[in-house]
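The values are calculated or read from the model by the stated rules, or taken from the named source; none is laboratory data. Quantities reported herein were computed from a predicted structural model and do not represent experimental measurements. Virtual Cβ from ideal backbone geometry, glycine too; neighbours counted across all protein chains shown. Note: areas computed on protein heavy atoms with side chains; ligands, DNA, RNA excluded. Shrake-Rupley method; radii C 1.70, N 1.55, O 1.52, S 1.80 Å.
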Amino acid sequence: MTDQPGTGARFEWGLAGAAVLGHSCAVLIVVDVLSFTTALDVAVGRGIRVHPFPWGEQADEYASRIGATVAVGRQSLSPSQPWSLSPASLIRAPIVADLVLPSPNGSAICAAAGATGTPVVAACLRNADAVVRWLIESGYGGIERPVGVIASGERWPDGTLRPCVEDLLGAAMVLDGLSHAPGGLSVEAAVALAALAALPDPVAAIRGCVSSHELVARGFADDVEVAVALNSSNSVPMIQHGAFVNVG
């Protein structure tokens with residue numbers, strides 16, 4: 001069976017993995033370190049309700065319909081539009097009540113998973129410990145209430161999933177905290193956790209990975225530094241009534 005039965009903490013990649021584990025897990029933890037869940041952590045930590053939405057032109061229409069501000073791509077930042085998928089921009093941007101934060105990976109996964117009614121929580125390096133504490137205190141991690149950890153991944157030019165270092169390590173940090181949960185780790189989760197054990201400095205690994213080099217080359221080195229601020233946040237973003245709010 002593809003849903004890794006009989007275990008308390010499970011691991012998969014991307015939208016398809018979230019769909020599979022969403023049917024059998026009591027909660028999904030979505031990880032998209034560069035940058036959706038990091039940007040989300042920053043925004044929710046400032047008291048902003050964040051609405052996940054797939055990347056595309058319909059985000060403007062959706063934001064208008066619900067009376068929210070819509071974030072733009074990094075390259076479209078301007079003084080009149082200071083909200084974007086860039087975590088560093090959201091540290092500086094004015095606080096708004098509701099923000100539609102589209103992205104092609106993490107946000108799309110969260111929107112799809114949230115629409116099924118499965119509880120969805122967002123994790124990154126900044127809040128991994130806070131998310132684990134909340135999961136354990138809430139009674140997740142046993143066979144009866146398993147946790148599904150989803151590494152969002154990136155995309156190749158043809159649209160297929162590209163597994164990436166940053167999301168693998170972000171997911172592994174959550175799984176590390178769940179390694180002693182009563183239900184135990186699935187084999188897939190244990191293999192993901194082994195990647196963390198193999199690296200003496202996961203923060204340096206993320207700084208050195210392809211995704212980080214891409215952001216630095218595009219002029220967004222600050223986003224990498226915001227993303228690798230390990231356990232600097234106590235926020236636990238969870239979807240409630242269609243938007244992420246802090247339940248930590």
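Remarks
- Scanning region 10-19 for any residue that is open to solvent by less than 50 Å² (accessible area, probe 1.4 Å), of a type outside the set (S, T, N, Q) and more than 20 Å from MET238 (Cα to Cα) turns up nothing.
- Filtered by the rule that a residue be touching a strand residue (DSSP E or B) at 6+ places or on another chain (Cβ under 8 Å) and either part of a loop (DSSP other than H, G, I, E, B) or surrounded by fewer than 24 Cβ atoms within 10 Å (Cβ to Cβ) (or both), region 114-126 gives GLY114, THR118, PRO119, CYS124.
- Residues (in a loop (DSSP other than H, G, I, E, B) and under 18 Å from LEU193 (Cβ atoms)) located in region 1-15: GLN4, GLY6, THR7, GLY8
- Residues that are among the acidic types (Asp, Glu) and under 14 Å from ALA108 (Cβ atoms), drawn from region 141-156: GLU154
- Taken over region 221-232, the criterion of being in contact with a helix residue (DSSP H, G or I) (Cβ under 6 Å, 6 or more places away or on another chain), within 11 Å of PRO87 (Cβ to Cβ) and either open to solvent by 70 Å² or more (accessible area, probe 1.4 Å) or assigned to a loop (DSSP other than H, G, I, E, B) (or both) is satisfied by ASP222, VAL228.
- Sub-6 Å Cβ pairs linking a first residue in region 235-248 that is among the small types (Gly, Ala, Ser) to a second residue that is open to solvent by 40 Å² or more (accessible area, probe 1.4 Å) and part of a loop (DSSP other than H, G, I, E, B), at least 6 apart or interchain, are SER235/GLY248; GLY248/ASN234, ordered by first then second residue.
- The lone exception for GLN75 - which of (1) over 19 Å from the mean Cα position of the chain (by Cα); (2) over 21 Å from ASP222 (Cβ atoms); (3) in a helix (DSSP H, G or I) it fails: (2)
- Long-range neighbours under 6 Å by Cβ, at least six apart or interchain, first residue farther than 17 Å from ARG162 by Cβ within region 198-210, second β-branched (Val, Ile, Thr): VAL203/VAL228
- Region 45-73, residues that are at pLDDT below 90 and under 20 Å from SER152 (Cα atoms): TRP55, GLY56, GLY73
- Of all residues making up region 158-178, the number that are in contact (Cβ under 8 Å) with a residue 60 or more places away in the chain and open to solvent by 40 Å² or more (accessible area, probe 1.4 Å): 2
- Of the numbered criteria (1) in contact with a strand residue (DSSP E or B) (Cβ under 7 Å, 6 or more places away or on another chain); (2) surrounded by fewer than 20 Cβ atoms within 10 Å (Cβ to Cβ), the one HIS241 fails is (1).
- Failed condition for LEU28, given (1) open to solvent by 10 Å² or more (accessible area, probe 1.4 Å); (2) touching a Ser or Thr at 6+ places or on another chain (Cβ under 6 Å): (1)
- For region 39-62, filtered to residues that are in a helix (DSSP H, G or I) and within 24 Å of SER235 (Cα to Cα), the residue that is most open to solvent (accessible area, probe 1.4 Å) is GLY45.
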